[in-house]
Amino acid sequence: MQKNREAYLPLLLLADPSEEMVRRYLPEGELYSWLTSEGETVGVLHLTAPDDGVVEIKNIAVREQYQGQGHGRSLLESILKLLRERESVEKVIVRTGNSSIGNLAFYQKLGFRIMEIEHDYFVREYEHPIVEDGIRCRDRLMLARTL
Ligand SMILES: CC(C)(COP(=O)(O)OP(=O)(O)OC[C@H]1O[C@@H](n2cnc3c(N)ncnc32)[C@H](O)[C@@H]1OP(=O)(O)O)[C@@H](O)C(=O)NCCC(=O)NCCS
């Protein structure tokens, strides 16, 4: 799907609280949506290619009423399958915050491992403090998996 990307902003903002940040990368890369058989949007996944052989998941979000039902796993697994068919892609990376405990569980269950930590990234780059589950989001973690 490549229809009007702006239409997916509310969904993309579930994964990134900064509209400015989401808008900055929205025109780049590929945006995939996951639909019900009736054509309703369940989730969205945004990919970019920061380096040769590397694809980055810039955003993945499942609508709140559909979360926790296996849609995120299905969406990500189908994208990994698609990427496996592209011989040029070796590695998939994703970045998230230290306070996003549920997301860290999700990615690790999908085979991603923590590879890098950028200390104080969210303190430097985000205007407002982010707190999740009582934890201040300070550090950006990069997780990766081979295909
Ligand atoms: C993260 C997100 C995409 C996961 O999608 P989902 O459809 O809710 O996840 P699924 O139901 O497919 O779960 C897949 C696996 O991850 C685990 N998981 C998902 N969310 C979890 C959480 N918050 N805590 C612990 N485990 C979690 C599930 O237990 C499941 O494990 P299993 O397959 O071994 O049973 C979804 O919760 C979401 O859109 N969140 C808001 C946006 C966001 O934060 N995006 C990520 C930005 S980094």
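The values are calculated or read from the model by the stated rules, or taken from the named source; none is laboratory data. Source: prediction; values computed, not measured. Note that each Cβ is placed from the backbone with ideal geometry, even for glycine, and that neighbours are counted across all protein chains shown. What goes into the accessible areas is simple: the full protein's heavy atoms, side chains included, and nothing from ligands, DNA or RNA. Shrake-Rupley method; radii C 1.70, N 1.55, O 1.52, S 1.80 Å.
Show that you can apply the helix-only estimate: for the chain, add -39,500 (n - 2.57) for every DSSP H stretch of four or more residues, divide by all residues, and state [θ] at 222 nm to the nearest 500.
Rounded to the nearest 500, the figure is -7000 deg cm²/dmol.
Heavy atoms only, probe 1.4 Å: what % of the accessible area of region 5-146 goes to carbon and sulfur, would you let me know?
Exposed carbon and sulfur together represent 47 percent of the surface.
What spacing in nm lies between the two simple spin-label points modelled at Tyr25 and Ile101, each 7 Å away from Cα in the Cβ direction?
Taking the two extended label points, one gets 2.5 nm.
Counting only heavy atoms of the protein chains, get the accessible area per residue of the chain (1.4 Å probe) and round it to a whole Å² value.
Normalised by residue count, the accessible surface of the chain is 58 Å².
Taking the dipole about the Cα centre of region 5-146, with the C-beta of Lys and Arg at +1 and of Asp and Glu at -1, give me whichever of Tyr121, Gly70, Gly53 is farthest to the positive side.
Gly70
Using a Gaussian network model of the chain with C-alpha springs under 10 Å, which one of Arg86, Arg63, Arg136 is most mobile by mean-square fluctuation?
So, out of Arg86, Arg63, Arg136, the one fluctuating most is Arg86.
Under the 0.36 nm per residue contour assumption, what length would be gained going from the current alpha-carbon distance of Val54 and Val131 to full extension?
So the chain would gain 24.7 nm between Val54 and Val131.
Just by accessible area at a 1.4 angstrom probe, what is the order of Glu28, Glu40, Glu20, Glu87 from largest to smallest?
Most to least solvent-accessible, the answer reads Glu87, Glu20, Glu28, Glu40.
How big is the dipole moment of region 5-146 about its Cα centre under a simple scheme where the beta carbon of each Lys and Arg is +1, that of each Asp and Glu is -1, and everything else is neutral? Debye, nearest 20, please.
It comes to approximately 380 debye.
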